[in-house]
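Taking it in order: structure first as structure tokens, then the write-up.
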Amino acid sequence: MAASSNAEDWKLWPPPIEKHFIDVLVEEEAKGNMPSGQFKKGLWTVVRNKFNQRAEKAYHKDQLRQKYQKLKQTRTLLFTLKGQ
């Protein structure tokens, strides 16, 4: 089941699309809109609009939230592995 989930994630989030998403998140964080990794009120709408415009997609907020959570999990795993 995890392989299926990974395959679906790969189709929905190929590397160029994922990069657009990360770029938008980095820009918003640099503006101070994500203190401690938490979004300020209404920021998901801003992120969704910027991302969809850049990526020429029509992703909805829940898809972006899920991807954000997966990215955070991957980051945590990488730092854990690096520490071992």
Exposure rank, largest accessible area first [Lys67, Lys61; 1.4 Å]: Lys61, Lys67
Mean ellipticity per residue at 222 nm, deg cm²/dmol - from DSSP H runs of n ≥ 4 across the chain, formula -39500 (n - 2.57): -25000 deg cm²/dmol
Listed residue (Pro15, Leu71, Pro35) projecting farthest to the positive dipole end of the chain, Cβ model: Pro35
Whole-percent carbon and sulfur share, accessible surface of the chain, 1.4 Å: 55 percent
Thr80 accessible area, 1.4 Å probe, all protein chains in place, Å² to nearest 10: 70 Å²
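Where the only charges are on Cβ atoms (+1 Lys, Arg; -1 Asp, Glu), what is the dipole of the chain about its Cα centre, to the nearest 20 debye?
200 debye
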Over 17 Å [Cα-Cα, the chain], rounded percent: 51 percent
GluC sites (Glu not before Pro) lying in DSSP loop within segment 1-57, provided at most 15 other Cβ fall within 10 Å: Glu56
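Going down the table (Lys11/Lys70; Lys50/Lys82; Lys31/Lys82), which pairs top 21 Å between alpha carbons?
Lys50/Lys82; Lys31/Lys82
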Surface accessible to a 1.4 Å probe, per residue, for the residues of the chain, Å²: 74 Å²
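The values are calculated or read from the model by the stated rules, or taken from the named source; none is laboratory data. Computed from a predicted structure; not experimentally measured. Backbone-built Cβ (ideal geometry, glycine too); neighbour counts: all protein chains shown. Surface areas here come from the heavy atoms of the whole protein model, side chains and all, with no ligands, DNA or RNA. Shrake-Rupley method; radii C 1.70, N 1.55, O 1.52, S 1.80 Å.
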